[in-house]
1. Quick check: is even one residue across the stretch 67-88 closer than 27 Å to L167 by Cα and hydrophobic (A, V, I, L, M, F, W, C)?
2. Suppose we keep only residues that are of a type in the set (S, T, N, Q) and free of Cβ contacts under 8 Å to residues at least 40 places away in the same chain within the stretch 138-158. Which one would you say is nearest to T12 (Cα to Cα)?
3. Which one is most open to solvent (accessible area, probe 1.4 Å), of the residues in the stretch 81-97 that are in contact (Cβ under 8 Å) with a residue 12 or more places away in the chain and over 23 Å from R11 (Cα atoms)?
4. Can you name every residue in the stretch 119-141 that is surrounded by 14 or more Cβ atoms within 10 Å (Cβ to Cβ) and touching a helix residue (DSSP H, G or I) at 6+ places or on another chain (Cβ under 7 Å)?
5. Condition test on G88, is it under 20 Å from A170 (Cβ atoms), assigned to a loop (DSSP other than H, G, I, E, B) and either touching a Pro at 6+ places or on another chain (Cβ under 7 Å) or not aromatic (F, W, Y) (or both)?
6. Of all the residues that make up the stretch 12-46, how many are in contact (Cβ under 8 Å) with a residue 24 or more places away in the chain, closer than 18 Å to I112 by Cα and assigned to a helix (DSSP H, G or I)?
7. Which of the numbered conditions does I71 fail, given that it passes all the others? Conditions: (1) over 20 Å from A133 (Cβ atoms); (2) open to solvent by 50 Å² or more (accessible area, probe 1.4 Å); (3) at pLDDT 95 or above.
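The values are calculated or read from the model by the stated rules, or taken from the named source; none is laboratory data. Note that the structure is predicted; figures quoted are calculated from it, not measured. We place every Cβ from the backbone using ideal geometry, glycine too, and count neighbours over all the protein chains shown. Keep in mind that these areas ignore ligands, DNA and RNA; they rest on the heavy atoms of the full protein, side chains included. Shrake-Rupley method; radii C 1.70, N 1.55, O 1.52, S 1.80 Å.
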Amino acid sequence: YLAVDSRRAGRTAAWAISHLARSAGKIGILLGSHRYLSQELAEISFRSYMRENAPHFQLLEPLVNLDETRIAYELIVHMLTSNDDLVGIYVAGGGAEGLIQALREERAGSRIIAVCNELTAVTRAALLDGTLAMALVTPIQELSRQAVAIMVRACNHEPASQRESILLPATISISESL
């Protein structure tokens, strides 16, 4: 198993929202599916951090967007219009484009601390204009290096653990690091 450490990613997102939010309030969570193990672990870790370190925030039940931009957009618009005290949103899977579109259209980017995954042209622009607070990015070069190293060991018939896991920390991207 070679991937970003979802536990660290969820806790990092929770740290960011709890430290950057101007006041206590509600926090929304979006998942692609409850069946995606990495997203489930990120959500659980997010909740765990908030329970341990920021219990004054109220976590809304996670909403499923099937990693679809349109569904994410609709869910975020509904979340924004039905929760006046919403202060943060964590998108633990796909759907960042829908999040960004909704925050811009509702002019909520300045009051909502939003954290999502991956650095794309859309999320980069949203970080730079202040719509997003943080993106948790898969370190593709390190992931590739580790994958090649595993394949080389296998080709050389080197003994390997049957259940080898390599968990990489996500790279944190904020406007000032771009």
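1. Residues of the stretch 67-88 closer than 27 Å to L167 by Cα: 67-68, 88.
Those left that are additionally hydrophobic (A, V, I, L, M, F, W, C): none.
So far as the stretch 67-88 goes, no, none of its residues is closer than 27 Å to L167 by Cα and hydrophobic (A, V, I, L, M, F, W, C).
2. Q141
3. Initially, the stretch 81-97 is screened for residues in contact (Cβ under 8 Å) with a residue 12 or more places away in the chain, giving 81, 83, 85-97.
After this cut, where a residue has to be over 23 Å from R11 (Cα atoms) as well, the list is 81, 83.
Values: T81: 87, N83: 19 Å².
Here the residue is T81.
4. Hits for the stretch 119-141 are V122, T123, A126, L127, T131, L132, A133, M134, A135, L136.
5. Details: under 20 Å from A170 (Cβ atoms): yes; assigned to a loop (DSSP other than H, G, I, E, B): no; either touching a Pro at 6+ places or on another chain (Cβ under 7 Å) or not aromatic (F, W, Y) (or both): yes.
Spelling it out, it is not the case that G88 is under 20 Å from A170 (Cβ atoms), assigned to a loop (DSSP other than H, G, I, E, B) and either touching a Pro at 6+ places or on another chain (Cβ under 7 Å) or not aromatic (F, W, Y) (or both).
6. Of the residues in that region, 9 qualify.
7. I71 satisfies every listed condition except (2).
Table: residues versus (1) open to solvent by less than 50 Å² (accessible area, probe 1.4 Å); (2) out of contact with any Lys or Arg (no Cβ under 8 Å at 6 or more places or on another chain); (3) among the charged types (D, E, K, R).
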position: S6; (1), (2), (3): yes, yes, no
position: A9; (1), (2), (3): yes, yes, no
position: A13; (1), (2), (3): yes, yes, no
position: H19; (1), (2), (3): no, yes, no
position: Y36; (1), (2), (3): no, yes, no
position: E43; (1), (2), (3): yes, yes, yes
